[in-house]
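The values are calculated or read from the model by the stated rules, or taken from the named source; none is laboratory data. Keep in mind it's a predicted model, so treat the numbers as computed, not measured. Every residue, glycine as well, gets a Cβ built from its backbone with ideal geometry; the counts of neighbours run over all protein chains shown.
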Amino acid sequence: MKLATLRTTDGTRAVRLDGDTLVDLGHTDLGELFAEDGWQHRAATASGATYPAEGADFAPVVPRPSKIVCVGHNYTNHIKEMGRDLPAHPTLFPKFADTLIGAYDDIAKPPETDALDWEVELAVVIGKQVRRADEQQAADAIAGFTVMNDISARDWQFRTIEWTQGKIWEASTPVGPYVVTPDEVGGVRPALRVRTVVDGEVMQQDDTGTLLFDPVFLVRYISTVITLRPGDIIATGTPAGVGNARDPKVFLLPGQTVVTEISGLGACANKVAEG
């Protein structure tokens, strides 16, 4: 299934994609849907109001997740381009709900930075509460996958050894358009092509099958530290090709369009705007 949170004139609605139609699932958003026991059956069988998929205004797939946990240093080629050794453990940092925007919304470029960078990422969306999950519990907790662009203000990110201030700018992080269930992408450890294109130029290209720490491992690892709840999002890291690692460095400018896409999941297409 492909599921989304749609903006309508009456607020947001959780929907399922059926051909060229979006079907209302009876919840305000996917976070609310995933919190319901047996959500998979409702998502598959609901037959509520319908909306055209063409021209749809997508909200972030989960507008207000209780937590967004991001992973750094998870593709070998990106680790090498950043001049680092392969890690023994995942590097984790948070994002907050106020950073999230829809798949086609404008990215707000803050006036305080001139080093806005792209990062295409496979994002895991949690569909079941877990704490200290074992292998099977971790796999069962994955509702599906979506696309995230972990936009980063590099000058702020590297002001200190801790990255968070470069990662949490308001209205900067596209996520969506759909949450795609694991059965449609080859399971809970999918091998999917990821790509970033800026104004028609390919900047990043890799495969999620090369992740050092796969989605199931990350659910297990993170749930050891903190409870993962329905609607929570794990961003699994970005491959090589970020602007900060280029010579000379390349950063996003107002008016440019950045497309982050993952095969089988769809794409976020966002214009950069002064914000």
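Check 50, 45 and return the single one that is farther than 19 Å from residue 177 by Cα, surrounded by fewer than 16 Cβ atoms within 10 Å (Cβ to Cβ) and at pLDDT 95 or above.
Values: 50 fails: farther than 19 Å from residue 177 by Cα.
Only one candidate passes the filter, namely 45.
Could you count how many residues in the stretch 123-139 are crowded, with 16+ Cβ neighbours inside 10 Å and over 13 Å from the mean Cα position of the chain (by Cα)? Lay out the reasoning, then the answer.
Step one: filter the stretch 123-139 for residues crowded, with 16+ Cβ neighbours inside 10 Å, giving 123-128, 130, 133, 137-139.
With over 13 Å from the mean Cα position of the chain (by Cα) added as a condition, the list becomes 127-128, 130, 133, 137-139.
Of the residues in the stretch 123-139, 7 are crowded, with 16+ Cβ neighbours inside 10 Å and over 13 Å from the mean Cα position of the chain (by Cα).
Just a yes or no: is a residue in the stretch 98-113 at pLDDT below 95, surrounded by fewer than 17 Cβ atoms within 10 Å (Cβ to Cβ) and not assigned by the TED database to the domain that holds residue 53? Even if it seems obvious, please write down each step before you answer.
We begin by selecting, within the stretch 98-113, every residue at pLDDT below 95; these are none.
No: zero hits.
For the stretch 234-275, enumerate the residues that are over 26 Å from residue 145 (Cα atoms), in contact with a Gly (Cβ under 9 Å, 6 or more places away or on another chain) and in a strand (DSSP E or B).
Of everything in the stretch 234-275, just one residue is over 26 Å from residue 145 (Cα atoms), in contact with a Gly (Cβ under 9 Å, 6 or more places away or on another chain) and in a strand (DSSP E or B), namely 273.
Every residue in the stretch 80-97 that is surrounded by 13 or more Cβ atoms within 10 Å (Cβ to Cβ) and among the basic types (Lys, Arg), please.
80, 95
Would you mention how many residues in the stretch 199-216 are more than 17 Å from the chain's Cα centre (by Cα) and surrounded by fewer than 20 Cβ atoms within 10 Å (Cβ to Cβ)?
Step one: list which residues in the stretch 199-216 are more than 17 Å from the chain's Cα centre (by Cα), which gives 199-203, 210, 212.
When the remaining residues are screened for being surrounded by fewer than 20 Cβ atoms within 10 Å (Cβ to Cβ), the result is 199-202, 210, 212.
Residues flagged as more than 17 Å from the chain's Cα centre (by Cα) and surrounded by fewer than 20 Cβ atoms within 10 Å (Cβ to Cβ) within the stretch 199-216 amount to 6.
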